[in-house]
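The values are calculated or read from the model by the stated rules, or taken from the named source; none is laboratory data. Keep in mind it's a predicted model, so treat the numbers as computed, not measured. No Cβ is skipped: glycine too gets one built from the backbone with ideal geometry, and neighbour counts run over all protein chains shown.
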Amino acid sequence: MEHYAGIDVSMELSSVCIADANGKIVKEAKIASDPDALVAFFKQEGFPVARIGLEAGPLSQWLYAGLAQAGFETVLLETRHVKAALSAITVKTDRKDARGIAQLIRMGWFQPVHCKSPGSQELRALLVARKQLLGKLRDMELSIRGILRGFGLKMGVATRRSFEERAWELSAGQTLLETIVGAMLVARAALQTEYTRLHKTMLAIVHVDEVCRRLMSVPGVGPVVAITFKTAVDDPTRISKSKAVSPLFGLTPKKYQSGETDVTGRITRAGDAMVRTALYEAANILLSRVTRFSALKRWGMEVAKRRGLKRAKVALARKIGVILHRMWIDGTDFCWTKVERGVAVN
């Protein structure tokens, strides 16, 4: 008889539950959150485990890779679906969650999540670190502005290069204020240096990546958008149709239909928020900054006339995502006109 296992992953110890084909619990345990420990546990038990499931999370991809390498059929479960399926449990514990995951695996009531390749995980870590440093850099500059404003010293419009000079100019003559601003400027300079280093590393990777360079032929798509999209999709063949890119990254409207009620709401915001933001920024740049005209921009402007600029940017972000995936699959560059290849863009 086949058995199915569910793992509720925690930082130190993970709860493991093994159920048979009839749903009977045959084994429960607390195992160290380490691939070797989990592999040893499943091998020593001797149960013919047909499939192992664990909820997607920070440690899940590492554990997934170790279990899959050991020969176990392993799946990552979509977090929202697991939460919805287990919401009927009144008392939430790691043990009960592991039981619920095992039953979901047994019945097939789950949505699998793609496990990114090690290369894509490394690039994603680079993008996350770069974004964090940029956010802290902006927070530091806003803090300096706020401190100076409390003394009636207004920074005004200052570029990234002139910011430090302007801060010293405003704080000059006030000993304690000079000490405070000086310390914060030193921290800002360190953040600026490390952010620039990571940004240049990202640009160097994009420069030699053939896929990213092809994706950048789309107007509005720059290095950040291209590499963000590439690392999120990872394997373009896992998406059967290019139109599925939009719901994958939460760019399609919510739908609620029951009886006489039929409501279409805002976008779902499901999936990778970083990709969703990148595609929206690409759409915004295409409509507001790109001067060369294209069939894609014409389509976006027509939507803006009918539905407004904000909705047009969301719709254009959806279309850009579809186009990027199709270009990646076909190995083609962007077509600026409808008749450039004898087919329509829209």
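Numbers at a glance
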item	result
Residue check, A295 farther than 23 Å from D330 by Cβ and in contact with a Phe, Trp or Tyr (Cβ under 9 Å, 6 or more places away or on another chain)	no
Residue in the stretch 110-128 that is under 23 Å from T196 (Cβ atoms) and touching a Leu at 6+ places or on another chain (Cβ under 7 Å) present	yes
From the options T231, T261, residue that is within 25 Å of R138 (Cβ to Cβ), out of contact with any Asp or Glu (no Cβ under 7 Å at 6 or more places or on another chain) and among the hydroxyl-bearing types (S, T, Y)	T231
Residue ID - nearest to M11 (Cα to Cα), chosen from residues in the stretch 54-63 that are among the small types (G, A, S) and at pLDDT below 90	G57
Pick from the stretch 124-182, criterion assigned to a helix (DSSP H, G or I) and among the polar types (S, T, N, Q), ranking: nearest to M274 (Cα to Cα)	Q132
Selection from the stretch 178-204 of residues that are of a type in the set (D, E, K, R) and either over 23 Å from the mean Cα position of the chain (by Cα) or over 12 Å from L137 (Cβ atoms) (or both)	E178, R188, R197, K200
Flag for I227 being assigned by TED's automatic domain parsing to the domain that holds R318, touching a helix residue (DSSP H, G or I) at 6+ places or on another chain (Cβ under 7 Å) and either at pLDDT below 95 or not basic (K, R) (or both)	yes
Total residues in the stretch 244-274, condition touching a residue at least 60 places away in the same chain (Cβ under 8 Å) and either assigned to a strand (DSSP E or B) or among the aliphatic types (A, V, I, L, M) (or both)	4
Only listed residue being closer than 30 Å to K83 by Cβ and assigned by TED's automatic domain parsing to the domain that holds S240, chosen from A295, A315, A282, A304	A315
Filtered residues of the stretch 170-196 (kept if more than 24 Å from L134 (Cα to Cα) and surrounded by 13 or more Cβ atoms within 10 Å (Cβ to Cβ))	L170, S171, Q174, L177, E178
Residue within the stretch 2-9 that is under 30 Å from G119 (Cβ atoms), touching a Lys or Arg at 6+ places or on another chain (Cβ under 9 Å) and of a type in the set (D, E) present	yes
Checklist (1) in the same structural domain as A315 (by TED's automatic domain parsing); (2) surrounded by 11 or more Cβ atoms within 10 Å (Cβ to Cβ); (3) more than 25 Å from T79 (Cα to Cα) applied to E260, failing item	(2)
Looking only at the stretch 290-346, and only at residues there that are of a type in the set (F, W, Y) and part of a loop (DSSP other than H, G, I, E, B), the one that is modelled with the highest pLDDT	F334
Residue identified as surrounded by fewer than 17 Cβ atoms within 10 Å (Cβ to Cβ), farther than 23 Å from R130 by Cβ and not hydrophobic (A, V, I, L, M, F, W, C) among K297, K254, K319, K313	K254
Those residues of the stretch 31-76 which are among the polar types (S, T, N, Q) and in contact with a strand residue (DSSP E or B) (Cβ under 9 Å, 6 or more places away or on another chain), in sequence order	S33, S60, Q61, T74
Among the residues listed as R106, R160, R80, R99, the single one being at pLDDT below 90 and either in the same structural domain as A19 (by TED's automatic domain parsing) or among the acidic types (D, E) (or both)	R80
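Yes/no matrix, rows are residues, columns are (1) within 20 Å of E12 (Cβ to Cβ); (2) of a type in the set (V, I, T); (3) in contact (Cβ under 8 Å) with a residue 24 or more places away in the chain; (4) assigned to a helix (DSSP H, G or I):
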site: G23; (1), (2), (3), (4): no, no, yes, no
site: F41; (1), (2), (3), (4): yes, no, yes, yes
site: Q44; (1), (2), (3), (4): no, no, no, yes
site: I52; (1), (2), (3), (4): yes, yes, yes, no
site: A65; (1), (2), (3), (4): yes, no, yes, yes
site: G71; (1), (2), (3), (4): no, no, no, no
site: K83; (1), (2), (3), (4): no, no, no, yes
site: T90; (1), (2), (3), (4): no, yes, no, no
